[in-house]
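Student: Just dropping this structure here.
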Amino acid sequence: MSDWSLDLPLLQLSDDDIWTLKDACEGVQIFGGTGSGKTSGSGRVLSQRFLQAGFGGLILTVKSEDRTDWINWITQAGRADHLFIIEENGNEVFNFLDYELKRPKGGHTENIVTLLTHVIEIAAQRSMDGGNDPFWAQAAKQLLRNTIDLMKLAEAHLSIPDIYRVIISAPTSQEQITNANWCAKSYCFSLLKKANQAVKNNPDLLDDYTMTETYFLNEFIAYADKTRSSIVGMFTSSVDPFLRGTLRKLFCGKTTCPPDVTLKGGIVLIDLNIKDYSHIGRVAQSLYKLMWQQMIERRDIQQNDRPVFIWCDENQFFLNSFDVSYQQTARSKRACTVYLTQNIPNYHVALGNGDKGKAMASSILGNLSTKIFHANSDPDTNEWASKVFGKAWGYKTSVTTGDSQSENGASSNQGHSMSQQLNNIIEPNEFTTLLKGGKENSFIVEAFIHQAGRTWKATSNNYLKARFSQE
Ligand SMILES: Nc1ncnc2c1ncn2[C@@H]1O[C@H](COP(=O)(O)OP(=O)(O)OP(=O)(O)O)[C@@H](O)[C@H]1O
Ligand SMILES: [Mg+2]
């Protein structure tokens with residue numbers, strides 16, 4: 001039996017309009033210009049309700065003050081004992097490859113290769129489809145596939161630095177294989193020997209072993225030197241940030257804080273904010289986000305239906321192509337997405353300004369059911385927001401005036417006519433005058449709210465003008 005009713009009230013948006021857990025599971029997008037009150041207004045109220053209700057959560061950070069703000073909110077909600085902070089020189093670490101290898105129904109080489117290609121895409125900020133020449137991407141994936149199979153057969157520890165060790169010690173000539181000195185030093189060769197031994201104890205592994213051995217002792221050697229170094233370089237240059245420093249410490253050793261802690265009510269705060277940690281912060285958080293979203297897609301809500309949330313303020317830093325498919329399934333997994341950003345162009349820049357990027361942005365936004373629009377001066381966002389609310393038939397009064405000459409002299413006449421026309425329910429300029437909080441506005445932040453398919457009771461219409469207190 002479920003402990004969580006989808007009717008659980010979370011926000012009272014007007015005297016008659018309640019926003020529930022079901023609404024939260026359908027996703028939230030908050031827009032508003034800089035200083036419009038996204039974080040301190042609607043964002044703060046929403047996060048407080050999630051925390052008070054006992055949700056687990058994942059929080060990504062962008063500004064240096066995010067850590068203090070969230071620790072305060074989590075403490076005020078009485079949830080401090082559920083907090084896990086992933087930070088530089090902290091105690092919480094997560095080896096994502098080892099996690100993927102050992103998780104229930106995990107460990108499939110092809111899935112680990114796919115995960116690695118996602119990680120390479122995140123780290124290199126480019127697609128690993130090889131562009132016009134897919135040979136390189138296919139060859140790099142083949143190298144990874146054989147490396148991971150070899151490591152699994154030899155029961156080696158799986159992490160990016162370990163994969164790197166295997167690849168750079170793989171034989172590049174027949175002479176090396178016959179040189180006892182070289183063989184003794186090569187990590188790759190030592191794993192081949194171990195794997196060979198493992199096959200003797202378990203003949204079921206023979207097919208996998210034969211493929212791997214043939215690859216490393218024949219195919220890989222047969223490549224021209226330039227080709228081989230290009231294939232290896234494609235991997236090593238992309239994962240370089242994981243071979244040293246903070247990313248290595250946090251994501252390549254042990255695991256204390258897997259994404260699953262959130263299903264038990266854990267609140268994971270990744271304090272590697274983008275402003276201070278730049279590329280490393282973006283890679284670390286995007287990686288954890290990806291692993292968390294994949295875990296959510298697998299979760300069995302019959303066993304445990306505790307709601308969880310993912311919170312991405314300044315979401316343009318974390319958006320990626322995986323969000324498209326994730327948002328399509330998140331609602332059935334009791335996972336509440338809250339994305340905040342200033343404007344639509346931020347998303348187009350993040351996903352690529354071409355048609356593909358714009359289509360991805362539309363798909364993600366289409367799957368976030370509740371949209372909260374704070375004050376904004378960006379014309380593209382205001383036009384788009386106005387279109388979200390749509391148009392309604394209204395009457396327009398026209399006045400016609402004219403001069404006429406008669407024997408008594410000139411006179412003017414006036415006529416009134418009424419015509420029906422389609423008007424914007426919310427005009428684009430209405431988003432420019434919403435209250436932005438602060439002392440001058442008595443700490444009140446205003447927003448127009450739209451929720452797909454919902455007619456608000458307070459307005460008998462699809463818009464609700466809500467007020468949030470910053471205090
Ligand atoms: N707790 C608070 N009490 C009163 N005023 C606040 C509080 N927090 C922020 N403000 C002020 O209210 C305004 C809105 O701030 P807020 O940080 O919520 O904006 P935002 O929409 O998140 O902006 P950004 O896009 O820059 O993150 C700002 O002028 C800010 O200085
Ligand atoms: Mg903000």
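The values are calculated or read from the model by the stated rules, or taken from the named source; none is laboratory data. Just so it is clear, the structure is predicted and the values come from calculations on it, not from any experiment. Methodologically, a virtual Cβ is constructed for each residue, glycine included, from the backbone with ideal geometry; neighbour enumeration extends over all protein chains shown. Surface areas here come from the heavy atoms of the whole protein model, side chains and all, with no ligands, DNA or RNA. Shrake-Rupley method; radii C 1.70, N 1.55, O 1.52, S 1.80 Å.
Student: Let me confirm something: among D81, D69, which residue is within 16 Å of ligand 1 (Cβ to nearest atom) and open to solvent by 30 Å² or more (accessible area, probe 1.4 Å)? I'd like the intermediate steps shown before the answer.
Tutor: On the way: D81 fails: within 16 Å of ligand 1 (Cβ to nearest atom).
The unique qualifying residue is D69.
Student: Among Q293, Q342, which is crowded, with 18+ Cβ neighbours inside 10 Å, under 15 Å from the mean Cα position of the chain (by Cα) and not assigned by TED's automatic domain parsing to the domain that holds P104?
Tutor: Exactly one residue qualifies, and that residue is Q293.
Student: If you don't mind, there's one more thing I want to ask. Considering F189, F220, F251, which residue is among the aromatic types (F, W, Y) and within 28 Å of W292 (Cα to Cα)?
Tutor: F251
Student: While we're looking at this one, here's another question. Out of all the residues in the range 208-225, is one or more not polar (S, T, N, Q) and not in a helix (DSSP H, G or I)? Give the derivation first.
Tutor: Looking only at the range 208-225, we keep the residues that are not polar (S, T, N, Q), and these are 208-209, 211, 213, 215-217, 219-225.
This time we only want the ones that are not in a helix (DSSP H, G or I), so: 223-224.
Within the range 208-225 (the criterion being not polar (S, T, N, Q) and not in a helix (DSSP H, G or I)), the answer is yes, since at least one residue qualifies.
Student: While we're here: Restricting to the range 164-188, name every residue that is in a helix (DSSP H, G or I) and within 39 Å of the chain's Cα centre (by Cα).
Tutor: Correct list: Y164, R165, V166, I167, I168, Y187, C188.
Student: Turning to a different aspect of this structure: Could you tell me whether D300 is of a type outside the set (A, V, I, L, M) and part of a loop (DSSP other than H, G, I, E, B)? Please lay out each step first, then the result.
Tutor: On the way: of a type outside the set (A, V, I, L, M): yes; part of a loop (DSSP other than H, G, I, E, B): yes.
Against the criterion (of a type outside the set (A, V, I, L, M) and part of a loop (DSSP other than H, G, I, E, B)), D300 qualifies.
Student: Can you name every residue in the range 59-114 that is aliphatic (A, V, I, L, M), without any contact (Cβ under 8 Å) to a residue 40 or more places away in the chain and in contact with a Phe, Trp or Tyr (Cβ under 9 Å, 6 or more places away or on another chain)?
Tutor: Passing the criteria: only A77.
Student: What are the pairs with Cβ atoms under 7 angstrom where one residue, in the range 313-330, is within 15 Å of ligand 1 (Cβ to nearest atom) and the other, located anywhere, is hydroxyl-bearing (S, T, Y)? Sequence gap at least six, or different chains.
Tutor: That search, which allows pairs on different chains as well, returns D313/T39; E314/T341; N315/Y339; N315/T341; Q316/T341; Q316/Y347; F318/S286.
Student: Next question, about the same structure. Tell me, please, whether a residue that is away from ligand 1 (no atom under 16 Å from the Cβ), without any contact (Cβ under 8 Å) to a residue 60 or more places away in the chain, assigned to a helix (DSSP H, G or I) and within 30 Å of Q470 (Cα to Cα) can be found in the range 137-157.
Tutor: Applying the first criterion (away from ligand 1 (no atom under 16 Å from the Cβ)) to the range 137-157 yields 137-157.
From the residues that got through so far, the ones that are without any contact (Cβ under 8 Å) to a residue 60 or more places away in the chain too are 138, 141, 145, 147-148, 151-157.
Narrowing the set further to residues that are assigned to a helix (DSSP H, G or I) leaves 138, 141, 145, 147-148, 151-153.
Keeping just the survivors that are within 30 Å of Q470 (Cα to Cα) gives none.
Checked the range 137-157: no residue is away from ligand 1 (no atom under 16 Å from the Cβ), without any contact (Cβ under 8 Å) to a residue 60 or more places away in the chain, assigned to a helix (DSSP H, G or I) and within 30 Å of Q470 (Cα to Cα).
Student: Going by the conditions given, is G366 more than 19 Å from Q293 (Cα to Cα), in the same structural domain as T34 (by TED's automatic domain parsing) and either among the aliphatic types (A, V, I, L, M) or away from ligand 2 (no atom under 16 Å from the Cβ) (or both)?
Tutor: no
Student: Within the bounds of the range 385-400, is there any residue that is of a type in the set (V, I, T), assigned to a helix (DSSP H, G or I) and either under 30 Å from S362 (Cα atoms) or modelled with pLDDT of 90 or more (or both)? Don't jump to the end; show me each part of the working.
Tutor: Taking the range 385-400 first, the residues of a type in the set (V, I, T) are 388, 397, 399-400.
Now narrow it down to the ones that are assigned to a helix (DSSP H, G or I): 388.
Retained after the next criterion (residues that are either under 30 Å from S362 (Cα atoms) or modelled with pLDDT of 90 or more (or both)): 388.
Looking through the range 385-400, at least one residue is of a type in the set (V, I, T), assigned to a helix (DSSP H, G or I) and either under 30 Å from S362 (Cα atoms) or modelled with pLDDT of 90 or more (or both).
Student: Moving to a separate point now. Can you tell me which residues in the range 362-382 are part of a helix (DSSP H, G or I) and open to solvent by less than 20 Å² (accessible area, probe 1.4 Å)?
Tutor: I364, L365, T381, N382
Student: Additional query: Taking the criterion of being in the same structural domain as G107 (by TED's automatic domain parsing) and at positive phi, would at least one residue in the range 160-177 satisfy it?
Tutor: no
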